[in-house]
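Data block below; observations after.
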Amino acid sequence: MPKAPQPKIEIQKQFWDQHWKHAEERKVLNPWTERRAQIVLQTIRGLGIDRAKILDFGCGHGWFTERLADMGEAQGVDLSPEAIAIAKARRPDLKFVTGNVYELDLPKSYFDIVASLEVIAHVENQSRYIERAAQVLKPGGHFIITTGNRFIMDRLGDLGWHDYPPEHIENELSRGELKCLLRRQFTILDLRTIIPQGTQGFLRLVNSCRLAAMLSLFIAPEALTTVKERLGFGWQMIALAQKKA
């Protein structure tokens, strides 16, 4: 069955303008997104780059760009003028730019780090998106990208996402697909999953409360969560990659 045509960029822009116009911060920040953010920030600190030049690649209303600014020269770009207007109002001291990432006049080989949180599943050309990240990074620069784990998202059961409007792109990746996309321009240093979820198929057993209660006699709940995440049963993927010379 042929894929439905991708919405034109202006239609996408209108969708995200409406999304950010009505989005409240409490819907963006929750325990899951906070944990993801903390892991990304910890990863950046672990790189040991003093006052790094950092690009938030699809920054939304800039909440994460603000945190990146604590570690270096951070700026954000996003397709939505509404989101960027909110970001500028929140932090007028930071640089925020509106535009299509495929066409924006961004400096090449300039940034030490590009961070992309929950964006790649919502763009029409994932290969080009990653190519753009590589173009703006210095040789040896680092790309940190997070996105949903399709293997888990297809098995979320009652937690699952349903039909989206035609102006919204939703194209989640598997771990293998993300690795394949990254390896063209990057060396993958780490790829982990976090936040085990899923109630369908064998995940119904893996994440059952009864099994967890039985295993708690032998393994701490935190350790069990770590095992699941290492096995790829986390709802979110977080990858750290380094631009090839």
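Throughout, read-outs are computed from the coordinates displayed, never taken from laboratory work. The structure displayed is predicted, hence computed values, not measured ones. Virtual Cβ from ideal backbone geometry, glycine too; neighbours counted across all protein chains shown.
A few comments on the model shown:
- Using the Cβ-Cβ distance between residue 11 and residue 90 with R0 = 25 Å, the FRET efficiency computed as 1/(1 + (r/R0)^6) comes to roughly 0.40.
- P(r) weight above 20 Å for the stretch 1-85, C-alpha pairs, percent: 45
- Cβ charges +1 (Lys, Arg) and -1 (Asp, Glu), total dipole of the chain, debye: 720
- Each Lys or Arg adds one and each Asp or Glu takes one away; over the other residues whose Cβ falls under 14 Å from the Cβ of residue 195, this sums to +2.
- For the chain, the alpha carbon convex hull comes to 140 Å³ per residue, rounded to a whole number.
- Calculated diffusion of the stretch 112-245, Stokes-Einstein form, Kirkwood radius summed over Cα pairs, 10 °C and 1.306 mPa s, µm²/s: 99
- Of 21/95; 13/95; 8/179; 108/244, pairs whose Cα-Cα distance is over 22 Å: 8/179
- Taking all Cα-Cα distances within the stretch 204-245, those exceeding 13 Å account for 62%.
- In straight-distance terms, cross-link reach from residue 138 covers every one of the aspartates and glutamates whose alpha-carbon lies under 12 Å from its own, apart from those fewer than eight places away in the same chain; here that gives 112.
- Placed amide H near residue 235: partners under 5 Å, 5+ positions off or other chain: 194, 195, 197
- Compactness of the stretch 72-146 was expressed as the Cα radius of gyration divided by 2.2 N^0.38 Å, which yields 1.09.
- Estimated from helical segments only, the mean residue ellipticity of the chain at 222 nm is -11000 deg cm²/dmol, where each DSSP H run of four or more residues counts as -39500 (n - 2.57).
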